[in-house]
Amino acid sequence: MYLKRLEIKGFKSFADITEINFEPGINIIVGPNGCGKSNIVDAIRWVIGEANIRNLRGQKSEDVIFNGTDDKRAQSMAQVEMLLDNSDEILPLDYSEVTMARKVFRSGESEFYINKSRVRMKDITELFTGTGLGKKGYSIIGQGELEQVLSGQALDRRLILEEASGTIKYRQQRDEVKRRLENTSNDLLRLGDIISEVRERKEELGYKAERARRYLQLNKECLGLERKVLLSELAYGQQELNRKQNKF
Ligand code: ATP
């Protein structure tokens with residue numbers, strides 16, 4: 001995998017479309033101080049999913065949009081598109097060339113694309129995990145950072161080496177599995193609580209159900225008796241009526 005082309009428009013000092021083609025091997029960009037060399041690196045960091053704008057020397061997400069100069073109007077949108085040669089299929093996609101693009105508008109709204117299809121930023125960061133070209137990798141080393149890496153803490157160096165060797169992906173997967181195991185054992189505990197609660201309620205409900213059954217049975221008997229009483233009262237009334245009619 002290698003960086004083949006970078007197209008920048010409206011990003012930082014690049015007001016007009018700027019296309020930079022890279023060849024396999026070492027490519028060098030030379031220019032005077034302040035001409036925008038680091039902005040090219042920022043554009044690469046940004047398109048591969050840098051979320052912390054401070055790492056791009058800005059304060060808020062709109063700071064990457066071209067702000068205007070004496071002879072050029074400010075832009076309303078910044079856009080960076082990066083073309084990667086993926087003929088060795090290091091990126092797990094069935095394409096020999098992959099484009100990543102990112103746009104940001106002055107409203108703060110961001111858009112991400114892989115091969116022109118709209119995706120989430122997470123899809124881009126996940127795609128790079130374990131390839132060495134992550135946003136937290138050894139692949140981009142900014143000004144002064146090399147010394148920081150060499151003289152840094154052992155743990156920081158380990159993280160960089162892990163990202164470089166691709167093992168960080170497995171560490172993330174292990175952490176994810178651990179988290180899921182923890183969640184599952186918490187769910188099991190909760191399930192145990194629910195089962196014992198249900199057991200207690202089952203006893204109480206059994207007692208209530210027995211009472212309800214008894215009530216229904218007695219109610220039925222009561223209705224039967226009431227019916228009998230009414231019938232015998234009716235028969236008695238009928239007899240009395242007959243008797244009185246015979247008398248007169
Ligand atoms: P150095 O060699 O000093 O590190 P450089 O060549 O790497 O410099 P950069 O730091 O990439 O240069 O670019 C700095 C230039 O980019 C400055 O002139 C700055 O005004 C300009 N710049 C940064 N952000 C924006 C923006 N949003 N709009 C317009 N210009 C910008």
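The values are calculated or read from the model by the stated rules, or taken from the named source; none is laboratory data. Remember, predicted model here, so these are calculated numbers, not experimental data. With ideal geometry, Cβ positions are generated from the backbone for all residues, glycine too; neighbour counts draw on all protein chains shown.
Computed values, structure above
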item: Residue that is farthest from the ligand (Cβ to nearest atom), among those in the stretch 24-80 that are assigned to a helix (DSSP H, G or I) and touching a Ser or Thr at 6+ places or on another chain (Cβ under 6 Å); result: Ile53
item: Qualifying residue in the stretch 83-99 (condition: closer than 11 Å to Phe11 by Cα and within 24 Å of the chain's Cα centre (by Cα)); result: no
item: Test for Thr99: is it of a type in the set (Ser, Thr, Tyr), within 19 Å of Ile160 (Cβ to Cβ) and buried (at least 17 other Cβ atoms within 10 Å of the Cβ); result: no
item: Residue, surrounded by the fewest Cβ atoms within 10 Å (Cβ to Cβ), within the stretch 1-12, restricted to residues that are part of a loop (DSSP other than H, G, I, E, B) and at pLDDT 95 or above; result: Gly10
item: Flag for Val64 being of a type in the set (A, V, I, L, M, F, W, C), modelled with pLDDT of 90 or more and surrounded by fewer than 17 Cβ atoms within 10 Å (Cβ to Cβ); result: no
item: Scan of the stretch 13-23 for residues that are farther than 20 Å from Glu62 by Cα and part of a loop (DSSP other than H, G, I, E, B), ordered by number; result: Phe22, Glu23
item: Residues within the stretch 81-94 that are closer than 19 Å to Ile20 by Cα and outside any strand (DSSP E or B), tallied; result: 1
item: Residues that are closer than 17 Å to Phe128 by Cβ and assigned to a loop (DSSP other than H, G, I, E, B), drawn from the stretch 95-114; result: Tyr95
item: Criterion violated by Val98 - all others in (1) within 14 Å of the ligand (Cβ to nearest atom); (2) closer than 20 Å to Glu19 by Cβ; (3) β-branched (Val, Ile, Thr) satisfied; result: (1)
